[in-house]
Amino acid sequence: VWWEEGLLFTCLGCGRCCRGEPGAIYFTPEEETAMAAYLGIDAGEFRNRFVTGRWRAPSLKEKHGGDCVFHDAGTNLCRIYPVRPLQCSLFPFWPVLLASPEAWDEAGRSCPGMNGGEFHSAEEIALAMAACPFPDLL
């Protein structure tokens, strides 16, 4: 793999991965249950208020302009951070971004934490990819 020497990434908390360009944030049924419970609502209400079927699988809705429905523009934080989907916490170690150096560098142009900061070994990256519940969608 092209990233066999490892990659640099440190989340700077900029929120750029949560806002702007539209995209799907997939979640498992267990994650849906956890998010609903965290918000103090049942799964049905959670689906009605926060889930879209416009992608290949259920995904979190987006606000106008592509921001995640849970991105708080005032604080630049995630309103459900403790129970956010695994897809969010795995960023940027998604199969689509690791497919080529070009894909990684393209994402790095909008993420200031990529290509700098903490070193992540190939083994660590492979484990993150293996944990991804939707590898064929990311």
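The values are calculated or read from the model by the stated rules, or taken from the named source; none is laboratory data. For clarity, every value in this text was computed on a predicted model and none was experimentally measured. Counting neighbours? That spans all protein chains shown, and the Cβs are built from the backbone with ideal geometry, glycine included. Only protein heavy atoms, including side chains, enter the accessible area calculation; ligands, DNA and RNA are left aside. Shrake-Rupley method; radii C 1.70, N 1.55, O 1.52, S 1.80 Å.
When the test is whether a residue is surrounded by 13 or more Cβ atoms within 10 Å (Cβ to Cβ) and touching a residue at least 40 places away in the same chain (Cβ under 8 Å), F50 does not pass it. Filtering the range 10-36 to residues that are open to solvent by 80 Å² or more (accessible area, probe 1.4 Å) and among the charged types (D, E, K, R) leaves R16, R19, E21, E30.
For the range 52-79, taking the residues that are among the polar types (S, T, N, Q) and in contact with a Ser or Thr (Cβ under 9 Å, 6 or more places away or on another chain), the one that is nearest to L12 (Cα to Cα) is identified as S59.
Within the range 125-138, if we keep just the residues that are surrounded by 13 or more Cβ atoms within 10 Å (Cβ to Cβ) and more than 18 Å from I25 (Cα to Cα), the residue that is farthest from the chain's Cα centre (by Cα) turns out to be A126. Assessment of the range 56-77 against the conditions (open to solvent by 70 Å² or more (accessible area, probe 1.4 Å) and under 20 Å from C132 (Cβ atoms)) yields at least one matching residue. Kindly indicate whether N115 is open to solvent by 50 Å² or more (accessible area, probe 1.4 Å) and touching a helix residue (DSSP H, G or I) at 6+ places or on another chain (Cβ under 8 Å). Yes: the conditions hold for N115. Taking each residue of the range 65-92 that is touching a residue at least 60 places away in the same chain (Cβ under 8 Å) and looking for partners that are open to solvent by 50 Å² or more (accessible area, probe 1.4 Å) with beta-carbon atoms closer than 6 Å, six or more apart or interchain, yields C78/R84; F91/C17.
For the range 19-36, which residues satisfy the criterion of being more than 16 Å from the chain's Cα centre (by Cα) and in contact (Cβ under 8 Å) with a residue 40 or more places away in the chain? Reasoning before the result, please.
Just the residues of the range 19-36 that are more than 16 Å from the chain's Cα centre (by Cα), to begin with: 29-30, 33-34, 36.
A34 - this is the single residue of the range 19-36 that is more than 16 Å from the chain's Cα centre (by Cα) and in contact (Cβ under 8 Å) with a residue 40 or more places away in the chain.
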